[in-house]
Amino acid sequence: MKLILNTVIQPIFKMNESYYFKNNNSFVEIADIDFTEYVLSIFENSQSMELEELIQIIQKEFELSIDEVEELIDDLIDVGFLTEQTEKDRYFTNTLFFSLFNNRLKIKFQEKLKKSEVCILGLGGSSLIIQQLAQIGIGKISGLDFDILEESNLNRQVIFTEKDIGKLKNEALEENLRGINSELQYDFRNIYVNSRDSIKDIISSADIVIIALDEPIIDSSIWVYDECKRQKKKIISGGVWGDSITYTYFDYSLPEQPCYRCLLQEDLNKGDINKEYVNNIKGNSYSDFNTTTIFVGGILAGIISTEIVKILTNYSDNIPSGNMLTMNTTTWELGVEKIICSELCKECQEIFTDE
């Protein structure tokens, strides 16, 4: 392993008689000034150094055991004073970002992303999320849709261009993604979701499922949530209505997790919707009534991509399973609420457990 001084991402500076380094958003005083100055002097004439060589130099200078020197160097790596030199590839800034949270695991975090699969059900409004996942370096991106691209989609589905109008979204999406990141695996299918069986196969190997289906309203969400629960999948859903955003996450590898029926039941209990409204829209399509703009939808896409990276790498805690994030982009009001697991959902859980 080749080490370098991490003086850009974690600046080291001297104030009065003390040395400090910037660790994320705080400044930490360095206790051992003599040793710090010595390590800085080693790297004055060498931009990088093999770990074994550095151990030998420090061991000889301070007459320490190899274990003692390795412990000192480990401490310097943990705080970001020293860092592993990484190749400046397309994911270089990803690893710099990860180093702010765990300098030792920054490369492993990116490797986890490369070995992961995210499946997106509905390839229109989610296209910005999909583009971000390709740029992040998710190893396999799969999904389905049945629609063709219309001119009215271009205000928010930014991966598509005018040349794609009239094409099937799944085909145009893959073609455009290959121009962004050709080293990834893509599996986009032209399928209309009309039952749990429609998605059973395509989500089977996915680490995370994203639902972004427009229709049939309510029915498609119930089918997807039920099948994700049966396969013990992690599922993310997000919505935009005008200036309001919602984000929900459920991990069905955990016991007694709520489902889409629970979300509906909670809205009914709070009075946000009523049964007559649900009965009127259930099973229908209202594709011509879409209030999503790129400036609001783009915020949701960033939230979802961020949470996906947290879930897959554990570089930081993600929003817990069974919770809903809400945001109003006009007032910037932000809230997180826990979804209650209803009795109906518990019955569903028993059914899937028995299968």
Residues of segment 118-169 satisfying the condition of being among the hydroxyl-bearing types (S, T, Y) and either open to solvent by 10 Å² or more (accessible area, probe 1.4 Å) or in contact with a Cys (Cβ under 7 Å, 6 or more places away or on another chain) (or both): S142, S152, T161
Filtered residues of segment 200-213 (kept if under 14 Å from S253 (Cβ atoms) and open to solvent by less than 10 Å² (accessible area, probe 1.4 Å)): I203, A206, I208, V209
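Among the residues of segment 170-199, how many are in a loop (DSSP other than H, G, I, E, B) and either open to solvent by less than 50 Å² (accessible area, probe 1.4 Å) or of a type outside the set (K, R) (or both)? Working first, answer last.
Looking only at segment 170-199, we keep the residues that are in a loop (DSSP other than H, G, I, E, B), and these are 181-184, 191-196.
Right, trim to either open to solvent by less than 50 Å² (accessible area, probe 1.4 Å) or of a type outside the set (K, R) (or both) and you get 181-184, 191-195.
So the count comes out to 9.
Based on what the data block shows, is R104 touching a residue at least 60 places away in the same chain (Cβ under 8 Å), closer than 30 Å to I208 by Cβ and either part of a helix (DSSP H, G or I) or open to solvent by 40 Å² or more (accessible area, probe 1.4 Å) (or both)? Step through it out loud before you land on a result.
Details: touching a residue at least 60 places away in the same chain (Cβ under 8 Å): no; closer than 30 Å to I208 by Cβ: yes; either part of a helix (DSSP H, G or I) or open to solvent by 40 Å² or more (accessible area, probe 1.4 Å) (or both): yes.
Judged against the criteria, R104 is not a match.
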Segment 214-263, subset touching a Ser or Thr at 6+ places or on another chain (Cβ under 9 Å) and basic (K, R), residue surrounded by the fewest Cβ atoms within 10 Å (Cβ to Cβ): K232
Considering residues of segment 25-75 that are under 24 Å from F13 (Cβ atoms) and part of a loop (DSSP other than H, G, I, E, B) only, the residue least open to solvent (accessible area, probe 1.4 Å): F43
Those residues of segment 80-98 which are open to solvent by 50 Å² or more (accessible area, probe 1.4 Å) and outside any helix (DSSP H, G or I), in sequence order: E84, Q85, E87, K88, D89, R90
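The values are calculated or read from the model by the stated rules, or taken from the named source; none is laboratory data. Keep in mind that what you see is a predicted model, and the values were worked out from it rather than measured. Neighbour counts are summed over all protein chains in view; Cβ atoms, including those assigned to glycine, are modelled from backbone coordinates with ideal geometry. SASA here: full protein model, heavy atoms, side chains in, ligands and nucleic acids out. Shrake-Rupley method; radii C 1.70, N 1.55, O 1.52, S 1.80 Å.
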